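A short write-up of the structure that comes next.
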Amino acid sequence: MKRIWLGAFCAAMLAMPGAASAQDWPTRTVKVVVPFSAGSATDIIARAVFDKVSASIGQPVVVENKVGAGGTIGMADVSRSDPDGHTILFNSSSHTVTPATYSSLPFDTLKDFAAIIPIANLPNVLIVSKTKGYNTLKDLVDAGKAKPGSLNYGSAGPGSASHLTAERLRLSGKFEAVHVPFKGAPEALREVVADRIDFYFSPLLPARSLLAEGQVKAIAVSGGKRSAALKDVPTTVEAGLPNSDYEFWIGVFVPAKTPKPVQEKLYAEIRKALDSPEIKERMAKLGADPMPMTASEFDKLVRGEVDMNKALVQAAGVKAN
């Protein structure tokens, strides 16, 4: 009798939605939400990685761009989705900015998402127009100090990582600048080329062709070390501004209630894709540096950056949306 009861219990557990999805995932098309515009670095890398994942899992993967509000529209879409591993968030480090810059959100960044895996650390490049006459970071800062409020800068939207990167630079350099938000890197870069925006911290990928053609200049990178793809371009700290560094990464998240076995399988599939020779080569060409971390290490990084960005927002006087 005891064996019959135990067998029935196990059968019932396997029939539960969470257990079934953990065992069978994926059972249908997987949707990957990118909260930034098509052609952005986050979008391009998402498509490259998940093409590889799709081939491995034997199911289609559809990338959807849900743009706006500093990435929060896409984040909200994923937070409302069924926690079964079929809707995935492919976000940038803007993920850790939203709790500090939005006073009212339809989700809790830390409670409603599970951090799965970081994909790469991307150099965020300080881009200026070739006609502005800014050859160094000092040139830009001096111009900002000479005429307070005369400079403006672009971002991928209020509360985005590019917004906070510029604010961290501005605080360190002690100059004023007007924030002009855009939907993403392609739009902001066009305005730099047209001389309507003075500077913009762009992911390297969308700026690369403009740099190669000489339409814009790269005068610094925001990370803690130089980019392998731009070895002659100093970091903002090397260029003379202490405490101005800001890392820009991209990573994968799912709704927090997604069963752990599904999270683990998703991590394994993405890790396998990242370790493949073709993706390694593609990442190197894109100037993306690997971030080998476990899910728990990534979660710790995310939580630490949420605290850091709250302090930065307060110091910069960025108003919550």
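Put simply, of Ser79, Ser104 the only residue that is touching a strand residue (DSSP E or B) at 6+ places or on another chain (Cβ under 8 Å) and of a type outside the set (Asp, Glu) is Ser79. Out of Leu171, Leu105, Leu126, Leu164, which single residue is among the hydrophobic types (A, V, I, L, M, F, W, C) and surrounded by fewer than 17 Cβ atoms within 10 Å (Cβ to Cβ)? On inspection, the qualifying residue turns out to be Leu171. Just one of the numbered conditions (1) free of Cβ contacts under 8 Å to residues at least 60 places away in the same chain; (2) outside the structural domain of Arg47 (by TED's automatic domain parsing) is not true of Pro106; which one? The one condition Pro106 does not meet is (2). Is it true that some residue in region 226-247 is among the hydrophobic types (A, V, I, L, M, F, W, C) and either assigned to a strand (DSSP E or B) or in the same structural domain as Ser150 (by TED's automatic domain parsing) (or both)? Taking every residue of region 226-247 in turn, none turns out to be among the hydrophobic types (A, V, I, L, M, F, W, C) and either assigned to a strand (DSSP E or B) or in the same structural domain as Ser150 (by TED's automatic domain parsing) (or both).
Mind checking which pairs have a first residue in region 194-219 that is small (Gly, Ala, Ser) and a second that is assigned to a loop (DSSP other than H, G, I, E, B), Cβ under 7 Å, 6 or more apart or different chains? Qualifying pairs under 7 Å: Gly214/Lys130; Ala218/Leu230; Ala218/Val233. If you go through region 251-268 and keep only what is in a helix (DSSP H, G or I) and more than 20 Å from the chain's Cα centre (by Cα), you end up with Lys260, Pro261, Val262, Glu264, Lys265, Ala268. Could you go through region 112-134 and let me know if any residue there is assigned to a helix (DSSP H, G or I), of a type outside the set (A, V, I, L, M) and more than 27 Å from Leu274 (Cα to Cα). No, because not a single residue in region 112-134 is assigned to a helix (DSSP H, G or I), of a type outside the set (A, V, I, L, M) and more than 27 Å from Leu274 (Cα to Cα). Among the candidates Leu110, Leu151, Leu140, Leu122, the residue that is closer than 18 Å to Glu247 by Cα and of a type in the set (A, V, I, L, M) is uniquely Leu122.
The values are calculated or read from the model by the stated rules, or taken from the named source; none is laboratory data. A quick note: this is a predicted structure, and the numbers were derived from the prediction, not measured. Here the Cβ is made from the backbone with ideal geometry for all residues, glycine too, and neighbour counts use every protein chain on show.
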